[in-house]
Amino acid sequence: MELKKQETIDTLYNDVCQIIESARSNAVRSVDFCRVQMYWNLGKRIFEEEQQGKERADYGTYLIKNLVKRLEPEFGSGFGIRQLERARSFYRTYPIASTVRTQLNWSQYKLLISIDDPDKREYYELESVNNAWTARETERQINSMLYERLLMSNDKESVLAVARKERIPETPQEIIKDPMVLEFLGLHREASYYEKDLESAIITHLADFLLEMGKGFSFVARQKRIMLEDDEFFADLVFYNRILRCHVVIEIKTGELTHQDLGQLQMYVNYYDRTEKLPDENPTIGILLCTAKNDTVVRMTLPEDNKSILASQYSLYLPTKEQLIKEINEVKRLSKIK
């Protein structure tokens, strides 16, 4: 009887905790959206007044500077020149109130209105909502140029269609990025490190790595032991992707990949397909994560119809726009050769 009472109390306690946490989360979201609405209305009012003096090119600046002189002393630095200019830009970017999303906060909208390309802005807006990204995660994905990296192996229409939930990704290339940006690991490119160091750093920062990996990944195993008769092998990392419905085996290399590396990964993929894969699951995918790769070696080593092995180059720092453009152009050049 006492045990049953305790179980009842435990259940009640868990339910009450969930109610409290839900209320707290809703309260935070409510405050965040009230702030978003406030800046939208400020931007609307400033823009409307600005249009009254549209014959004067500097009228908007004049209005904002004079507003700030009176607003800052009373309401603080959140109503300085830069914030009011952002509010005006916010309204001009999202002039229809119903298009402002309740799931996004002001920090995220500040990031979005700084993006000039409407398709790119829509992508980050939708994905921030779809994946419940925090402002920090949205900023990180923008800074790591996620949109541009996806365009390296996909066309713009398919990338946006997935973000709009008009279609579900069907191929590994639609989810897995090349290159991957792993700046969050805190490893310096100048330093000497081993594959086990990179693997340990990934496990330590697993949540960030899953964010970088993309949609639908969950962690399965580290150093997965594979016995083939008397020979023992260890696959570095194993994940499962619920969208592609398959296992994903990752091998880590701290140098340029070789055809031997590809052969070893192919063996791990074959093992999973033949011993681990369930009948209703799709074929296993293998990713060779390396610091540099020779695309010709990859093409010549793997079958022409290869769909299971991918080589993804990783970077330990955020790429510059110029570096990424160079890589995109190189990918396009190689695709034409194929």
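The values are calculated or read from the model by the stated rules, or taken from the named source; none is laboratory data. Everything numeric in this text was worked out from a predicted model, so none of it was measured. Note that each Cβ is placed from the backbone with ideal geometry, even for glycine, and that neighbours are counted across all protein chains shown.
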(request) For region 245-260, state whether one or more residues are in a helix (DSSP H, G or I), more than 20 Å from I203 (Cβ to Cβ) and at pLDDT 80 or above. (result) yes
(request) Looking only at region 267-279, count how many residues are surrounded by fewer than 19 Cβ atoms within 10 Å (Cβ to Cβ) and in a helix (DSSP H, G or I). (result) 6
(request) Might you check whether a residue that is at pLDDT 95 or above and either aromatic (F, W, Y) or assigned by TED's automatic domain parsing to the domain that holds K177 (or both) occurs anywhere in region 144-153? (result) no
(request) Looking only at region 118-157, count how many residues are assigned to a loop (DSSP other than H, G, I, E, B) and charged (D, E, K, R). (result) 1
(message) If P169 meets every condition in (1) under 17 Å from the mean Cα position of the chain (by Cα); (2) at pLDDT below 85; (3) in a loop (DSSP other than H, G, I, E, B); (4) not aliphatic (A, V, I, L, M) apart from one, which number is that one?
(response) (2)
(message) Quick check on my filter: what residues within region 114-132 are buried (at least 17 other Cβ atoms within 10 Å of the Cβ) and in contact (Cβ under 8 Å) with a residue 40 or more places away in the chain?
(response) Y123
(message) I'd like to verify a number: residues in region 227-249 that are on the phi < 0 side of the Ramachandran plot and out of contact with any Ser or Thr (no Cβ under 9 Å at 6 or more places or on another chain), how many?
(response) 12
(request) Return the residue satisfying two criteria in turn: it lies in region 287-319 and is modelled with pLDDT under 75 and of a type in the set (S, T, Y), and of such residues it is farthest from F184 (Cα to Cα). (result) T301
(message) When you check K65 against the structure, is it in the same structural domain as N41 (by TED's automatic domain parsing) and basic (K, R), yes or no?
(response) yes
(message) All but one of (1) of a type in the set (K, R); (2) exposed (fewer than 15 other Cβ atoms within 10 Å of the Cβ); (3) under 30 Å from D305 (Cα atoms) hold for K177; state the number of the condition that does not hold.
(response) (2)
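Here is a yes/no grid of residues against (1) in contact (Cβ under 8 Å) with a residue 24 or more places away in the chain; (2) touching a strand residue (DSSP E or B) at 6+ places or on another chain (Cβ under 8 Å); (3) surrounded by fewer than 19 Cβ atoms within 10 Å (Cβ to Cβ):
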site: F217; (1), (2), (3): yes, yes, no
site: I243; (1), (2), (3): yes, no, yes
site: V248; (1), (2), (3): yes, yes, no
site: E256; (1), (2), (3): yes, yes, yes
(message) Can you go through L198, L160 and tell me which one is within 24 Å of S107 (Cβ to Cβ) and part of a helix (DSSP H, G or I)?
(response) L160
(message) If Q108 satisfies all but one of (1) at pLDDT 95 or above; (2) part of a helix (DSSP H, G or I); (3) surrounded by fewer than 19 Cβ atoms within 10 Å (Cβ to Cβ), what's the number of the condition it fails?
(response) (3)
(request) Kindly list, by first and then second residue, each pair from a residue in region 311-331 that is more than 19 Å from I202 (Cβ to Cβ) to a residue that is outside any loop (DSSP other than H, G, I, E, B) and at pLDDT 75 or above, limited to pairs with Cβ atoms under 6 Å and residues at least 6 apart or on different chains. (result) L324/E148
(request) Sort through R70, R35, R29, R24 and tell me the only one that's under 30 Å from A132 (Cα atoms) and modelled with pLDDT of 85 or more. (result) R35
(request) For D236, indicate whether it is within 21 Å of T301 (Cβ to Cβ) and under 23 Å from the mean Cα position of the chain (by Cα). (result) yes
(request) Considering only region 280-317, state which residues are among the aliphatic types (A, V, I, L, M) and either touching a Lys or Arg at 6+ places or on another chain (Cβ under 9 Å) or assigned to a strand (DSSP E or B) (or both). (result) I285, I287, L288, L289, A292, I309, L310, A311, L316
